[in-house]
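Below is one structure; the comments refer to it alone.
The values are calculated or read from the model by the stated rules, or taken from the named source; none is laboratory data. Just so we're clear, the structure is a prediction, and the values are computed from it rather than from any experiment. Cβ sites come from the backbone with ideal geometry, for glycine too, and all protein chains shown count toward neighbours. To get the accessible areas, we keep the full protein, side chains included, count just its heavy atoms, and leave off ligands, DNA and RNA. Shrake-Rupley method; radii C 1.70, N 1.55, O 1.52, S 1.80 Å.
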Amino acid sequence: MKNKEKIEFEKIPIDVSYGKVINDVYVVIRNDRSKVVEALESLEKKDRDDIIDIISNMATTSNFKSPKIRNKFRKYSYGEIKPKGHRVFYFKKFGNNIILFNYRIKKKKSLGDPVYKKLEKEKQYYEQKFAEFYK
């Protein structure tokens, strides 16, 4: 018998110093692992703090704008948080939920259309799973 894949969504706590949370932020946990959490934990403190600051502002500020955020990426239906060479991919679902689903390191010409297409399929899969989770 095949093991069934386990997809979970863990809500990220936002520090109260950022203000009232208006957008809940979730991270995808796939088979007890998270690409986003594992990547953040492995980063230098300054880079990790920068990304956490962006995510916290996205959670507490309506329509938060930053040059480090791209809400709609090219022709795809997900966005990216892009400080320096780091990329955290996310999508929004049911209005006020931000779901962080993947992390990639960005090197010169390392992320081309095939990677972005794969991320689009992954996003669609997680979007369906989030809809089941959110019901």
Subject >> Unmet requirement for Ser62, which otherwise passes all of (1) small (Gly, Ala, Ser); (2) open to solvent by 50 Å² or more (accessible area, probe 1.4 Å); (3) touching a residue at least 12 places away in the same chain (Cβ under 8 Å); (4) over 26 Å from Val16 (Cβ atoms) >> reply: (4)
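Quick test for you: out of Arg70, Arg87, Arg33, pick the one residue that is open to solvent by 70 Å² or more (accessible area, probe 1.4 Å) and in contact with an Asp or Glu (Cβ under 6 Å, 6 or more places away or on another chain).
On the way: Arg87 fails: open to solvent by 70 Å² or more (accessible area, probe 1.4 Å); Arg33 fails: in contact with an Asp or Glu (Cβ under 6 Å, 6 or more places away or on another chain).
Checking each option against the conditions leaves just Arg70.
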Subject >> Count of residues meeting criterion [under 16 Å from Phe101 (Cβ atoms) and surrounded by fewer than 18 Cβ atoms within 10 Å (Cβ to Cβ)] in the stretch 37-53 >> reply: 2
**OP:** Can you tell me which residue within the stretch 90-128, out of those that are basic (Lys, Arg) and closer than 21 Å to Asp24 by Cβ, is surrounded by the most Cβ atoms within 10 Å (Cβ to Cβ)?
**Re:** Lys123
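Out of Lys20, Lys11, Lys6, I need the residue that is more than 26 Å from Lys129 (Cα to Cα) and of a type outside the set (Phe, Trp, Tyr). Which one? Explain how you work it out, then say what you get.
On the way: Lys11 fails: more than 26 Å from Lys129 (Cα to Cα); Lys6 fails: more than 26 Å from Lys129 (Cα to Cα).
Exactly one of Lys20, Lys11, Lys6 is more than 26 Å from Lys129 (Cα to Cα) and of a type outside the set (Phe, Trp, Tyr), namely Lys20.
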**OP:** From (1) open to solvent by 50 Å² or more (accessible area, probe 1.4 Å); (2) more than 15 Å from Ile12 (Cα to Cα), pick out the condition that doesn't hold for Ala131.
**Re:** (1)
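Listed here are the residues, each with its yes/no results for (1) in contact (Cβ under 8 Å) with a residue 24 or more places away in the chain; (2) more than 30 Å from Lys4 (Cα to Cα); (3) out of contact with any Phe, Trp or Tyr (no Cβ under 8 Å at 6 or more places or on another chain).
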site	(1), (2), (3)
Tyr18	yes, yes, yes
Ala39	yes, no, no
Lys45	no, yes, yes
Ser77	yes, no, no
Arg87	yes, no, no
Phe91	yes, no, no
Asn97	yes, no, no
Lys123	yes, no, no
Original post:
Considering only strands (runs of 3 or more DSSP E) fully contained in the stretch 74-135, which possess at least 2 residues that are over 17 Å from Ile52 (Cβ atoms)?
Top reply: 86-93, 97-105
**OP:** Out of the residues in the stretch 54-73 that are of a type in the set (A, V, I, L, M, F, W, C) and in a loop (DSSP other than H, G, I, E, B), state the one that is farthest from Pro13 (Cα to Cα).
**Re:** Phe73
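Please tell me if Ile51 is in contact with a Pro (Cβ under 7 Å, 6 or more places away or on another chain), under 30 Å from Val16 (Cβ atoms) and either among the hydroxyl-bearing types (Ser, Thr, Tyr) or outside any loop (DSSP other than H, G, I, E, B) (or both). Working first, answer last.
On the way: in contact with a Pro (Cβ under 7 Å, 6 or more places away or on another chain): yes; under 30 Å from Val16 (Cβ atoms): yes; either among the hydroxyl-bearing types (Ser, Thr, Tyr) or outside any loop (DSSP other than H, G, I, E, B) (or both): yes.
It is true that Ile51 is in contact with a Pro (Cβ under 7 Å, 6 or more places away or on another chain), under 30 Å from Val16 (Cβ atoms) and either among the hydroxyl-bearing types (Ser, Thr, Tyr) or outside any loop (DSSP other than H, G, I, E, B) (or both).
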